[in-house]
Amino acid sequence: MSIVTKCTRSLLTVGCWKLQAGRMAHEAAKGDSVVEIKEMRRFMVDCMTTAGACESHAVQLADVLAEGDKRGHYSHGLNRLDMYVRDIKTGSCNGKGEPRILEERAATAWVDGNNLLGPVVGNFCIDLAIRKAKEAGIGWVVARGSNHYGIAGWYSMQAMRKGCLGISCTNTSPFMYPTRAAQPALGTNPLSVAVEGKSGDAFVLDMATTTVAVGKLELASRKEMSVPNSWGVAKGGKESTDPKQILDGGGLLPLGGHELSGGYKGYGLGSVVEIFCGIMAGARWGPNVRKWLSTGGEANLGQCFVALDTSAFAPGFNERMQEFMDTLRGLPPSEPGKSVEVAGDMEKRHEQLVEKIGGIPYHPNQIKFANDLAEKLSVEKPAVLSIL
């Protein structure tokens, strides 16, 4: 059975394909439930405030999660909601308070996230980085004491919309097996770079430094489906296609996979993110970060936010950026019907789909997940606009 067949009706990434329900992420499938963005945000806010988060923090989280689903990153949207609820309910994450600046200079800042929800810390830091970039040309802000912050692109795009080149990255729980290692020591350590061309066109890179994000494994596990053998390993480092084995004591391979296929480069890139985040911010780093889904103590993640004011450099940046993207898209395709794309194009098509059908399309299992959480918290279930 081919891997595409195995992934039918799933939420997985296979190579450069982002599959939801067995099709490209910007497509919809019969039986999907469409939920308006504002309704999904309402549901997420209700869940978080019921769990104990203050209204403003719940709204910031809901904005990030809904944006993840809107852009087709289903592993970092509704799929993550129960994790945030659990962190607030167990007290392993603070639902009230504000980040504070520990050290500040003209173009840099070191922030204590006070163990708040990741989006609260992230929004504070990228806002600060943008302000500094407008004054000094660059703003570089790192934070300790943070938590999972959703899609990295949420923060880099905020800088992009203010005329800056935005960069965002975070360390995460150790789940990457470094090249030649028999145990995990780094996280998926995602990285995002976002910058505009002309007329709203943009380059938005948002990637894990492992083969895939952990959320892809979780979704596959819930569906009891196999994953490609290049994704991860079972405990001890033996290659596995069983997501449950990979999640239970195993881990993911670095971007690039095995050593012979260049996995050491993904390992190196993940290490750079760790340096920018855990090491530079004085947060936990590498194998010292709290285990995935653990509620024992604070996560104390490190995060990095950079804004570069492009007007501080050579004139005509946006025009050249647009020409660069147009040149890449105009290259002859290796396969008829599949044009060359740049980072962010796939997400843009998913956003266009959402606009066309009036909301975010969710697989029936995702709606069941949301309804189960609603019953558990005694909040109103998300209203379905239509079923495709």
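The values are calculated or read from the model by the stated rules, or taken from the named source; none is laboratory data. This one's a predicted model, so the numbers in the text were calculated from it and none came from an experiment. Counting neighbours? That spans all protein chains shown, and the Cβs are built from the backbone with ideal geometry, glycine included.
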Tally the residues that are surrounded by fewer than 23 Cβ atoms within 10 Å (Cβ to Cβ) and either outside the structural domain of GLN158 (by the TED database) or outside any helix (DSSP H, G or I) (or both), restricting the search to region 124-139.
-> 2
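Rundown of residues vs (1) surrounded by fewer than 16 Cβ atoms within 10 Å (Cβ to Cβ); (2) farther than 15 Å from PHE203 by Cβ, yes/no style:
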residue	(1), (2)
ALA283	no, yes
ARG290	no, yes
GLY296	yes, yes
CYS304	no, yes
ASP309	no, yes
MET321	no, no
MET325	no, no
PRO332	yes, yes
GLY337	yes, yes
Being assigned to a helix (DSSP H, G or I) and in contact with a helix residue (DSSP H, G or I) (Cβ under 7 Å, 6 or more places away or on another chain) narrows it down to one of GLU323, GLU274, GLU319, so name that one.
-> GLU274
Flag if LYS381 is at pLDDT 95 or above and over 23 Å from the mean Cα position of the chain (by Cα) = yes
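Looking at GLN158, GLN183 in this structure, which one is surrounded by fewer than 24 Cβ atoms within 10 Å (Cβ to Cβ) and without any contact (Cβ under 8 Å) to a residue 40 or more places away in the chain? Before you say what the answer is, go through the steps one by one.
Numbers: GLN183 fails: without any contact (Cβ under 8 Å) to a residue 40 or more places away in the chain.
Going through GLN158, GLN183 in turn, just one is surrounded by fewer than 24 Cβ atoms within 10 Å (Cβ to Cβ) and without any contact (Cβ under 8 Å) to a residue 40 or more places away in the chain: GLN158.
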Quick one: count up the residues across region 193-221 that are more than 17 Å from GLY250 (Cβ to Cβ) and either buried (at least 24 other Cβ atoms within 10 Å of the Cβ) or not aromatic (Phe, Trp, Tyr) (or both).
-> 15
Which condition breaks for ASN300 when tested against (1) more than 30 Å from ALA129 (Cα to Cα); (2) surrounded by 14 or more Cβ atoms within 10 Å (Cβ to Cβ); (3) not aliphatic (A, V, I, L, M)?
-> (1)
Spot the failing condition for GLU355; the list is (1) part of a helix (DSSP H, G or I); (2) under 24 Å from the mean Cα position of the chain (by Cα); (3) closer than 21 Å to ASP46 by Cβ, and only one is missed.
-> (3)
For LEU117, state whether it is in the same structural domain as TRP154 (by the TED database) and either at pLDDT 95 or above or not polar (S, T, N, Q) (or both).
-> yes
GLY337 modelled with pLDDT under 95 and outside the structural domain of PHE43 (by the TED database) = yes
